[in-house]
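A quick write-up on the structure given underneath.
Read-outs throughout are calculated quantities, based only on the coordinates presented, and are distinct from any laboratory measurement. The structure presented is a predicted model; accordingly, all values stated were derived computationally and were not measured. Here the Cβ positions follow ideal geometry from the backbone for every residue, glycine too, while neighbour counts run over all protein chains shown.
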Amino acid sequence: MPYASLKVCSNRGALEAVPEPPTRLDLARVRTAFEAAGVSVLDCRVMLIARFEREVTVGQDGRLLIKTTDEREGRRVLERVEGLLEAARAR
Amino acid sequence: MARGVVLMSGGIDSPVTLYLMLRQGHDVVAVHLDNRPFTDDSPLEKILDHLRVLEARFDRKVPMYVVPHGPTQVTLMRNTDRHVGCVLCRRFMWRAAERVAIRENATFLATGEALGQVASQTLSNMRTATASVGLPIVRPLVGLDKQEIEAIAREIGTYAISTRPGVCCQAVPDRPATRTSLLQIQREEDRIDVEQILDDCVRRAVVM
């Protein structure tokens, strides 16, 4: 799943990634893929909050909020999330 | 002067409310509904700094209750209509604050709400949100515009704290309802165990 940009969110406390083109995630599949990779997940039905190196909120529309403002760290987390989202899609 | 509970969010408005209450000589207790993991640590850190500034200014201690609110949000998200999530969230905040008020022998609740600033602060939503509690609610900022509130915040030294970076609430829906009816909200609350949720969060409150 392509994420074109990683930018600081409006409140400047986290990094936000938006999928391009817009998408719709099956969060149940995403949760399974995350948990299979050893990532703990809080399932809120309309979003997931996943514990990677940093906490990541995953919305049904594929938006990600990564709780760091360090871009290098954010990119590292994003890469890992992208890989698992691909795995979820392939299931 | 009366004893009251002031809801603190970490934003610009609530420390101004607390300041006005203290300036009038009221005996106040602060309450923060801790929204993690839908936010980060920043609201709590900001509030602790707000309290430090205002306690120093008035030379008095303001006790603060930190009430977990994240688990309540999870229950609301899993079981109720997302569009009215902000109103349901506010109702639980009010209820938790009222429980603290009763425990603290406080006779009123105070908040930094001003009309129309955000989706949850329409008159309709304020009415449905506050119908969940019985104590009188004081809103010292309701007639002020944002610039006036910010000017006071700058003057009392809380503005720079409030505007530090943070994560905005992730539980806010994309299109929050701006008009809600009590019947609609009560129907949503019929899907959850309101008393159990409240008991759980207030029992785990931490006093600082």
Worksheet entry | Considering residues of region A:1-44 that are hydroxyl-bearing (Ser, Thr, Tyr) and in contact (Cβ under 8 Å) with a residue 40 or more places away in the chain only, the residue surrounded by the fewest Cβ atoms within 10 Å (Cβ to Cβ) | A:THR32
Worksheet item: In the set A:ARG80, A:ARG45, A:ARG31, A:ARG76, which member is in a helix (DSSP H, G or I), within 23 Å of B:CYS169 (Cβ to Cβ) and among the basic types (Lys, Arg)?
Response: A:ARG31
Item to complete: Tell me, yes or no, whether region B:61-69 has at least one residue that is among the hydrophobic types (A, V, I, L, M, F, W, C) and either within 14 Å of chain A (Cβ to nearest Cβ) or closer than 17 Å to B:ILE192 by Cα (or both).
Response: no
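Per-residue answers, yes or no, for (1) more than 10 Å from chain B (Cβ to nearest Cβ); (2) on the phi < 0 side of the Ramachandran plot:
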{"position": "A:LEU6", "(1), (2)": "yes, yes"}
{"position": "A:ARG12", "(1), (2)": "no, no"}
{"position": "A:GLU35", "(1), (2)": "yes, yes"}
{"position": "A:VAL46", "(1), (2)": "no, yes"}
Discussion item. Looking only at region A:14-28, count every residue that is within 14 Å of chain B (Cβ to nearest Cβ), in a loop (DSSP other than H, G, I, E, B) and within 22 Å of A:GLY74 (Cβ to Cβ) and tell me the total.
Written reply: 2
